[in-house]
């Protein structure tokens with residue numbers, strides 16, 4: 001029997017996931033802008049305004065020169081933004097998105113925490 005992995009905090013999860021984010025992968029997430037827009041609309045309609053705002057901010061970041069010109073290793077705010085975007089876009093969740101009222105709560109928690117950890121993400125990029 002496999003020993004379960006120990007529980008980790010949200011911050012530990014974000015840091016661990018951000019280590020896998022590369023500049024090329026971050027730029028590659030641009031092809032999912034349509035899916036991000038759908039997630040933003042679902043979040044707004046489902047009473048998750050922080051998720052809707054965070055997804056909009058992260059989507060705008062993808063189009064920024066900062067991401068276009070990014071090189072490895074990524075600065076922490078870009079690596080964590082990539083981790084949050086991967087979490088929002090993946091099909092497997094802690095709470096499935098289809099669960100009414102709760103399905104987007106885990107996505108909102110991850111995105112909100114990344115935004116809190118990285119205030120620079122709230123500043124418009126040019």
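Read-outs: derived from the displayed coordinates by stated rules, not from any lab. The structure displayed is predicted, hence computed values, not measured ones. Methodologically, a virtual Cβ is constructed for each residue, glycine included, from the backbone with ideal geometry; neighbour enumeration extends over all protein chains shown.
Can you tell me how many residues in the stretch 63-92 are over 11 Å from residue 25 (Cβ atoms) and either within 9 Å of the chain's Cα centre (by Cα) or surrounded by 22 or more Cβ atoms within 10 Å (Cβ to Cβ) (or both)?
6
Each row is one residue, and each column tells you yes or no for (1) without any contact (Cβ under 8 Å) to a residue 24 or more places away in the chain; (2) more than 13 Å from the chain's Cα centre (by Cα); (3) surrounded by fewer than 16 Cβ atoms within 10 Å (Cβ to Cβ).
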residue: 2; (1), (2), (3): yes, yes, yes
residue: 27; (1), (2), (3): no, yes, yes
residue: 35; (1), (2), (3): no, no, yes
residue: 39; (1), (2), (3): no, no, no
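Counting only residues that are more than 19 Å from residue 118 (Cα to Cα), give me the helices (runs of 4 or more DSSP H) lying completely in the stretch 1-77 with at least 3 of them.
Numbers: elements: 10-18, 23-28, 33-45, 49-62, 65-68.
Because the criterion is at least 3 residues that are more than 19 Å from residue 118 (Cα to Cα), the helices (runs of 4 or more DSSP H) in the stretch 1-77 that meet it are 23-28, 33-45.
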